Each structure stands twice: as C-alpha cells, then as structure tokens.
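One structure below.
The values are calculated or read from the model by the stated rules, or taken from the named source; none is laboratory data. Small disclaimer: the values here were computed from a predicted structure and weren't measured. Cβ placement follows ideal geometry from the backbone for every residue including glycine, while neighbour counts extend to all protein chains displayed.
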Amino acid sequence: MLSLLEETNGKKVAQAVLEGNLKSVLKSRGTHNVGFPAVNVDVDLYSEGYGELWVAFGGVSKDAAIPRYWNAYGVYEPHQSTQSITVEINIALTSNSAQVAGFFAKDNETGDIFLMHSGKIGGGRSGIGKSAFLVWSKAKLVEVSAGDRQFRSGIAVGKISDPDLAGRIWTFVQGVFRFKEQAASGALSTDAFKQQVEEFERYSKEFSGKKRGSHGGRFEYLTYHGDIVQKLYDEKTLRLAKGEKVCNSNLIDLFVKRNGVLSEVYEVKTGVGRQMLYTAIGQLLTHATNGRDDVAKVLVLPSEEEIPADIGRAISHLGISIRRFRLKGVGPNRTVELA
C-alpha cells in the first residue's frame, strides 16, 4: 500500500528528485512571469515548447500560512507576457495539512515515491471544485496511509523517478485545463452533470470514515488508472445504443445505464494480486445487484499478468468477463491500449 511521506527530510529529497527529473527532460526557457491574474512572479521556466507543458519551481514559500514547496504547471504560450498557471501541486514542508493539495506517497513494497494531488481544483469560478473535477475527469482517488489508522486520499499523478514523469504531469495538467474551460463555458452547468456531482458527494459521505486502505498489490500502473477508464468511456460512448448512458461514480469505475437501469459495470484493477482480485469480484457482484438480472460484469486487467488459476475459474463461474489493457510506447509517447 501507499504511505504518506511525512518527514521533512524525506520531502526535501523527493522534491529534489522531482525537480531534477523534469529539468532533465524539459528545456530551459529562461525567466518568465507566471501566475494568476491577481498575483504573479518572475521564475525560471522549463518547457518542451509552444502549447506543451511548462513547469516552474519557486522553492519553499515560507511566507505562506503553511510553508510549502511551490510547484506550478501550465500550458506554454511563449508570446504571452505572463504564463497562466493551470494548477499548482505544492507540498507542505513541515506538516501534512490537507489545505495543501499536493503531497508525496511511498509504495511500501518497492520504495517508489509518487506525486499526489487531492483533486481539489480551485479557480474562483462557479462549478469548479473537487467533486466536479473528480466526476468530470473520472480520476481515481487512492487511499494513502497517514499513520494511526488515518488515511488521506489523492490522485496518483506520477512516480517521481519515472522517465515519463513529465508526460504523466502533462496528462494531469491537460485534464485540469480542459475541466476549467468546460466550467467557464457553462458546459458543466447542466442538470445531468449537477445530478452526477450530487450522487458522487452522496456516495462520498456514505463511505467517509470507513477507510481501511488497500493491502498488497502492485502500483506499477497506478498513475494510468484514469487513462484506462477514459479509454473505456470513449469506446463505450462511440457505440451507445438508443437509451444508453455511460457514467462513473465514487464507487464504480464505469457503468452503463439503459433507459435508466444499470446494464453494464466495469472495474479496473492495475494488478492481479489476490487481494486486489478478491476486492474486484466483490465490487462487481455487489454493484451488479443494482441493475437488471443480466447486468454485464467486466473486469479490466493488465495484459501481461496472469490470473491465478483458481480465481480465474471463479471469475468464469460468476459470469464476469475479462478485458485486458497494456501500455504502448515509451516516455511521453506512452499510451494505454485496450485489447
């Protein structure tokens, strides 16, 4: 499972790895003015080029109420006098306050460190917030142990030592950018979307305080969970029959309703550890009872990992179908492919 990186020295090392990784793959663009309309600063900026990810690091903001590493990201527009910040993934330095959206988490099995974001998206506009972003983006919140049976949840943006870290951050930044555009245009003000957000928040409240964490399993594909769900969503949307609607919730990765009744349910797992598969089977069977008798139950797993024989027999016996995914390409060109 993942554990919150709490010690100041550990955060210092992780921040250095994060900065070193990004500076090694992105080109220095000199000093730029970056910020929001009301507040901006001059900082060194790194980017691959026009219309691509830019990153900037401001060191420790000691004047903030909660001292933090300032990490800003946006879409590079070299002809603009000020580069607009799309999202900050700041890291609290001496505390682990949830008021700071970014944090580091460690995989207890491998020692890998992940850059995390709580999903709390600001912007000062109507319709922009954590619940709306999570519903719109279909991002997966991962539980992170914070000690003494406490947990913090967040989106796994990327592994800080991954050669494709810039690509993973770029995927996240693009998602936030498009979400804010949609909110600003009024596209998220529909009754249907508001209902999805209300359902999401109801699920969240129902299951708050019941955190147990995820034991065992692998996190190799953790940061690609959202990409996989999006691939499924795009595929299903292109093939919708009359009366069908594709949705997701806090509990279900993806599901299809036909004339308002659940007809398909999907669960994406990024490994085939026994505990992970036991959980997936239980989730699919439980959620399927909310629909028709013939609800299609689909478990989506990595293509190169073999399912234990006894669990495979149980999956078949229970009428659960298997879809496979794989990661194709390397570095910033790495994509998810469904079989």
Exercise. Going by the conditions given, is Lys62 closer than 20 Å to Gly158 by Cα and of a type in the set (Lys, Arg)?
Worked result: no
Exercise. Within segment 1-15, is there a residue that is assigned by TED's automatic domain parsing to the domain that holds Ala156, closer than 22 Å to Arg178 by Cα and buried (at least 21 other Cβ atoms within 10 Å of the Cβ)?
Worked result: no
For this session: Evaluate segment 18-27: report whether one residue or more is surrounded by 15 or more Cβ atoms within 10 Å (Cβ to Cβ), modelled with pLDDT under 95 and in contact with a strand residue (DSSP E or B) (Cβ under 8 Å, 6 or more places away or on another chain).
Result: no
For this session: Mind listing whichever residues of segment 152-180 are of a type in the set (Val, Ile, Thr), outside any helix (DSSP H, G or I) and within 11 Å of the chain's Cα centre (by Cα)?
Result: Ile155, Val157
Exercise. With respect to the numbered conditions (1) touching a Phe, Trp or Tyr at 6+ places or on another chain (Cβ under 9 Å); (2) under 27 Å from Asp164 (Cβ atoms), which one is the sole condition not fulfilled by His79?
Worked result: (2)
Seminar exercise, completed: By residue number, the members of segment 133-148 that are touching a residue at least 40 places away in the same chain (Cβ under 8 Å) and either more than 19 Å from Leu251 (Cα to Cα) or of a type in the set (D, E, K, R) (or both) are Lys138, Lys140, Glu143, Ser145, Ala146, Gly147
Problem set entry | Residue among Gly213, Gly209 that is within 25 Å of Val298 (Cα to Cα), in a loop (DSSP other than H, G, I, E, B) and at pLDDT below 90 | Gly213
Exercise. Say we look at segment 140-165 and pick out the residues that are out of contact with any Ser or Thr (no Cβ under 7 Å at 6 or more places or on another chain) and of a type in the set (D, E, K, R); which of these is nearest to Gly329 (Cα to Cα)?
Worked result: Asp164
Exercise. If we scan segment 28-46, do we find a residue that is under 30 Å from Thr270 (Cβ atoms) and touching a Leu at 6+ places or on another chain (Cβ under 6 Å)?
Worked result: yes
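Matching residues to (1) surrounded by fewer than 20 Cβ atoms within 10 Å (Cβ to Cβ); (2) under 29 Å from Trp170 (Cα atoms); (3) in the same structural domain as Ser145 (by TED's automatic domain parsing):
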position	(1), (2), (3)
Glu244	yes, no, no
Asn250	yes, yes, no
Leu254	no, yes, no
Asn259	yes, no, no
Val268	no, yes, no
Gly271	yes, yes, no
Gln275	yes, no, no
Ile281	yes, no, no
Glu306	yes, no, no
Exercise. Do the conditions hold for Ile311, that is, is it closer than 22 Å to Lys231 by Cβ and of a type in the set (A, V, I, L, M)?
Worked result: no
Problem set entry | Thr270 being touching a Pro at 6+ places or on another chain (Cβ under 8 Å) and more than 17 Å from Thr289 (Cβ to Cβ) | yes
